[in-house]
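Written out below as structure tokens is the structure these notes cover.
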Amino acid sequence: MKHLATLLFFLSIFTLSYAQNNQVSGHLTDPQGEPLPGATVHIIGSTAGAVTENDGSFTLLNLPAGQHKLVFVYLGLNPDTLPIKIAAGQKLQLPPVALKEKTQSVGEVVISGTMKQGGESKAINLTKNSPRLVSIISAENISKYPDHNGAEALKRVAGAAVQYDKGEGAYISLRGTPLDWTATFVNGDRLPVADEENFTRTFEFEVLPADLVDYIEVTRAATPDIDGDNVGGAINFQTKKEVDHRTFEISAAVGASLLTEKPTGNFHFLWADQSKNKKFSYSISASYYARYYGAQAYMLAYGSNYNQSINRFELKDYDGTRQTAGANAFFQYKFSEKFSLSAKLTAGTMLDDKWQRKQMYVYSSGDGSTINLQNIHGKLNRLLGGGTLEAEYKPNGRLKFSAHLSGFTNRFWYGDVPYSGSDPRNGYYTAEFALRHPGYYKDIDLITNNGNPYVAKLLNIDNPTGHGDSYKNIQPKFSYPIAADSFEFRRLFTQLNNTKETNPLVAQLDGTYTITSNVKLSAGGKFYWKMGERNISYHEW
């Protein structure tokens, strides 16, 4: 009986939906002809209404036969009304409706505003009308700040924490969760992960230029239409899409690094157009960013857990160059109002040519007390690329199907150092020189622990006698001057790393059935084929 009652319930819903099959469909655009997603459409004197899709389309179902007045509302534009007349069983397709700009006249001055793709007003409307708990950042908002990659564009979102590498945003954590609990997508595709040292699912954002983004959607709560491994949340980067008129944008900027006293610069362009019959549209954009960087830092390595002695004190001096390039392409062909086919291609690459010099004051090790000098050179390469092929079919105002095929790859590797070409020994290169037993350090104390004496370097806050350096000014002290020719060659080694993760094929099929203007049924399935490899080795001379 329970199963029979359930069956009768669903049959009654479908019977009702087919009994009142009157429907009205249309598209809403801005004054320039671009689609308006997130606008509201409702009928005066009725509760029937809808919110426009990403392409500006809307459908009102189960309308009673007769005359009605449609009202279109969008933030930043003037509301508009449209009288319609619908007969019993009719499926009315309206011509595109373009909302007008809000203007104000003061004497002879006219103040007007224009809507544009990636605009802040569209992002606000999408956020307001989304059925999920989301924050949406627009390209217009990103362009107001000097954000060069995806992580930096997200640092102003509530609940997002950014971790930096060499002064640039590298990793994102949502809602205070671990880094690998946040899922990263491009146009709805989960991105593979390849990082230098991280073995988890943490995505490295430096390879994804912010200039290529149209919208960033941050979802804080899991929903059935998103991959399930997003405990902390999901970040979806929507790349540039089609426009309804020819568009050309170009921008460039230059600057300087005060520490390295060298220049930086970036360049970006966008070209988009549509055919005369409006069936074919495309958008191509590219970005390039080059900069010098420098950093000076120190590090303390403590000894065993039972004492507070300093085992090693390091002084580090970094400098290098970083080059980031990215490109995005979108192509779409609309065979009819019911069927369209689109392709999206995305690529990003970064080269970090890094030099590092280290002075390492070792107070206690297997070799005794030493001073080590290291010269380090490495070329760190990152590459992200892939694309999506999508087909959308709308047989009527109630049904919509979408088929989705995609593939992405993400790779990290060390470049050709110190040998030219593809020598198998190339990698992260370190040359080390050492001065052993430098007359023992003058700043070492004799400490007794459980009756056992030992020598140790202690800060004054850790030394029972109060003797030692302040943590604000740690300076090694020697019994005699240290000469450069006192150092001897110790070793030379290269570390090799080639990490790659690929999604050769991701297939997805989704379907949506609209029962009423307020009730939709959605179902879908997704297939993942994933491959990963990590090759690490070490050469020492």
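The values are calculated or read from the model by the stated rules, or taken from the named source; none is laboratory data. Everything numeric here is computed off the predicted structure, so don't read it as measured data. Cβ: placed from backbone, ideal geometry, glycine included. Neighbour counts: every protein chain shown. SASA here: full protein model, heavy atoms, side chains in, ligands and nucleic acids out. Shrake-Rupley method; radii C 1.70, N 1.55, O 1.52, S 1.80 Å.
Quick one: which residues, 5 or more positions from S257 or on another chain, have an amide H under 5 Å from its amide H? H modelled 1.01 Å from N in the peptide plane, none for Pro or chain starts.
Answer set, sorted by chain and number: K262, T264.
What percent do you get for the relative contact order of segment 408-541 when only Cα pairs under 8 Å and 6+ apart count? Let's see the in-between values first.
Working: 219 pairs, mean separation 37.7, N = 134.
Relative contact order here is 28 percent.
Considering only DSSP states other than H, G, I, E and B, which chymotrypsin sites (Phe, Trp or Tyr not before Pro) in segment 420-520 qualify as loop sites with at most 15 other Cβ atoms within 10 Å?
Sites meeting the loop and neighbour criteria: Y440, Y471.
Where in the chain is the longest stretch that carries no GluC sites (Glu not before Pro) classed as loop by DSSP and with at most 13 other Cβ atoms within 10 Å?
Free of exposed loop sites, the longest segment is 338-541.
Using amide H atoms built in the peptide plane, which far-off residues or other-chain residues are under 5 Å from S517 H to H?
L61
For D80, D445, give the ranking by accessible area with the largest first, probe 1.4 Å.
D80, D445
Could you give each residue of segment 50-67 its phi-based ³J(HN,Hα) in whole Hz, using Karplus coefficients 6.51, -1.76, 1.60 with θ = phi - 60°, and x for Gly or Pro?
With the stated coefficients, segment 50-67 comes to 7, 10, 5, 6, 4, 8, x, 7, 8, 9, 10, 10, 6, 7, x, 5, x, 9 Hz.
With an 8 Å Cα cut-off and a minimum separation of 6 or more residues, compute the relative contact order for segment 362-447 in percent.
It rounds to 38 percent for segment 362-447.
For segment 314-348, which trypsin sites (Lys or Arg not before Pro) pass both filters: DSSP loop (anything but H, G, I, E, B) and at most 13 other C-beta atoms within 10 Å?
Within segment 314-348, the qualifying trypsin sites (Lys or Arg not before Pro) (loop, at most 13 other Cβ atoms within 10 Å) are K338.
HN-Hα J couplings of segment 153-167 from phi, Karplus 6.51/-1.76/1.60, θ = phi - 60°, integer Hz, Gly and Pro as x?
Ordered by residue, 3J(HN,Hα) equals 5, 9, 5, 9, 7, 4, x, 9, 10, 10, 9, 9, 9, 6, x Hz.
Would you kindly derive the ³J(HN,Hα) couplings of segment 486-496 from the backbone phi angles with the Karplus curve 6.51 cos²θ - 1.76 cosθ + 1.60 (θ = phi - 60°), listing them in order in whole Hz, with x for Gly and Pro?
With the stated coefficients, segment 486-496 comes to 7, 7, 10, 5, 10, 6, 9, 8, 10, 9, 10 Hz.
Out of the chymotrypsin sites (Phe, Trp or Tyr not before Pro) in segment 285-371, which ones are loop residues according to DSSP with at most 12 other C-beta atoms within 10 Å?
Qualifying residues, ordered by number: Y306, F335.
With axes computed from alpha carbons, what is the tilt in degrees of helix 2-19 against the longest principal axis of the chain, rounded to the nearest 10 within 0 to 90?
Taking the Cα atoms of the chain, the angle to 2-19 is about 60 degrees.
Using only Cα atoms and rounding to the nearest 10 degrees, what angle (0 to 90) does helix 120-129 make with the longest principal axis of the chain?
Taking Cα atoms only, the helix is inclined about 70 degrees.
Name the long-range amide H neighbours of D165: under 5 Å, sequence gap of 5 or more, or other chain; modelled H, no Pro or chain starts.
A170
Return a whole-number percent for the relative contact order of the chain, with Cα pairs under 8 Å and 6 or more residues apart as the contact set. Walk me through the numbers on the way to the answer.
Details: 1351 pairs, mean separation 50.5, N = 541.
About 9 percent, as a whole number.
If you compute volume of the Cα convex hull per residue in Å³ for the structure shown, which of [x] 186; [y] 245; [z] 176 do you land on?
The value matching this structure is [y].
In terms of the Cα gyration tensor, with a ≥ b ≥ c the square roots of its eigenvalues, is segment 287-403 rounded because a/c is under 1.5, prolate because a/b exceeds b/c, or oblate?
Prolate, because a/c is 1.5 or more and a/b exceeds b/c.
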